[in-house]
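The values are calculated or read from the model by the stated rules, or taken from the named source; none is laboratory data. Computed from a predicted structure; not experimentally measured. Using ideal geometry, Cβ is built from the backbone for each residue, glycine included, and neighbour counts are taken over all protein chains shown. Side chains are part of the model used for accessible areas, which takes the heavy atoms of the whole protein and leaves out ligands, DNA and RNA. Shrake-Rupley method; radii C 1.70, N 1.55, O 1.52, S 1.80 Å.
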Amino acid sequence: MLLVLLFLAVVLLTYSNGANDNFKGVATLWGSGTLGYKPALVLATVSTFAGSVCSYFFAAELIKNFSGKGLVPDEVIGSAAFVLAVALAAGITVLLATRFGFPISTTHGLVGALVGAGLVAVGTAVNFAKLGTTFFLPLILGPVLAVGLGALVYVLFRQGRRAAGITEESCVCVGDVWVPAASAPTAAFTALPTLQAGVSTQAECQNLYQGTFIGLNFQPLINNLHYASAATMSFARGLNDTPKLVGLLLVCKFFAMPVNVLILAVAMAVGGWLNAKKVADTMSKKISKLNHGQGFTANFITSLLVIVASKFGLPVSTTHVSVGSIYGIGLVNGTANSREIAKIGLSWLLTLPVAALLSALLYAGIRAAGQ
């Protein structure tokens with residue numbers, strides 16, 4: 001029964017991971033007006049699922065890391081009670097953050113849960129040296145590198161675009177506006193539409209590119225590159241996140257590894273499809289206002305960092321890297337929302353202690369109930 005509960009807890013955690021993380025790869029598509037919410041969600045779900053399936057072949061090192069091996073003694077890792085507490089605590093933490101629209105890191109939640117249950121299980125025997133080098137260092141460096149690279153690469157891309165003679169122009173939106181009957185001069189005009197012009201801020205106006213690059217119209221080209229970068233980023237997220245969750249199923253031994261990966265890939269896709277909207281709104285609308293090219297740049301940086309991290313078995317947070325790249329570009333274009341970043345940063349600070357506390361309480365309770 002404990003193993004069945006463990007399996008369900010890992011599926012719940014994977015569902016919550018999808019709900020909180022799924023839209024992050026395509027947030028810039030929706031935020032820049034390049035793609036609507038539903039088409040962006042479809043692209044994210046399909047690409048993430050593909051990355052999850054491929055993680056079986058490319059990310060064995062992450063599976064080993066997130067089984068907790070080396071962090072606590074092997075006999076503790078083999079305990080179903082320990083892994084159950086970790087999975088439940090991390091899952092609850094991520095679901096709470098998703099409920100309030102905070103884009104937190106499932107990686108961070110898992111690390112906190114491993115530490116909390118580990119302290120109850122073995123006290124100071126927790127390997128804090130491994131905790132720092134294998135987990136904390138990538139989690140801290142990820143967003144810092146993303147902010148710096150996002151700002152730098154955007155400036156370089158912008159200079160290259162201008163050198164190529166491609167200009168950026170604001171569009172004017174014109175549409176039918178019905179004049180209320182009370183304000184019309186005569187009844188004869190009450191049913192006729194009129195055209196009205198409005199003035200808005202530059203941040204609220206969509207900017208489009210004019211010009212060609214290697215013989216191609218630049219605006220369609222950058223849109224297609226944006227789609228590709230979003231798909232790549234979602235693929236990278238599935239590639240990096242799924243092994244962390246599969247590692248928790250090593251205790252169950254219900255299914256072969258490929259089946260475990262497939263089950264969790266489906267759970268992640270379902271969670272992302274059903275419960276992504278609140279985090280999507282935060283990621284797409286509240287951090288920075290990006291145009292098409294800036295959105296592509298943010299996704300390019302995030303994809304690059306996450307794929308490199310997956311190659312070397314470094315458990316970086318896709319969330320931290322994505323938020324960092326979007327914010328870095330916002331710092332350059334003047335639209336960065338520092339107040340929203342402060343809220344997100346606070347949620348990141350709380351993720352680890354909340355998950356650790358929940359995990360410690362759950363593990364103590366489960367262990368007491370089994371005695």
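With the Cα gyration tensor of region 246-321 giving a ≥ b ≥ c as the square roots of its eigenvalues, does the rule (a/c under 1.5 for rounded; else a/b larger than b/c for prolate; else oblate) give rounded, prolate or oblate? Because a/c hits 1.5 or more and a/b fails to exceed b/c, region 246-321 counts as oblate.
Determine the alpha carbon to alpha carbon distance for each of 38/286; 244/278; 289/343; 244/277 and list only those over 22 Å. Where the Cα-Cα span goes over 22 Å, the pairs concerned are 244/278; 244/277. Take 262-269, 296-303, 35-42 and order them by the average number of nearby Cβ atoms within 10 Å per residue, most first; the result is 296-303, 262-269, 35-42. At the residue level, residue 340 shows approximately 20 square angstrom of accessible surface with a 1.4 angstrom probe and all protein chains present.
To one decimal place, what orientation-averaged projected area in nm² is obtained for the convex hull of the Cα set of region 229-371? Mean shadow area of the hull around the Cα atoms is 10.6 nm². Over what distance in Å are the Cα centres of region 316-331 and region 240-305 separated? Cα centres, region 316-331 to region 240-305: 15 Å.
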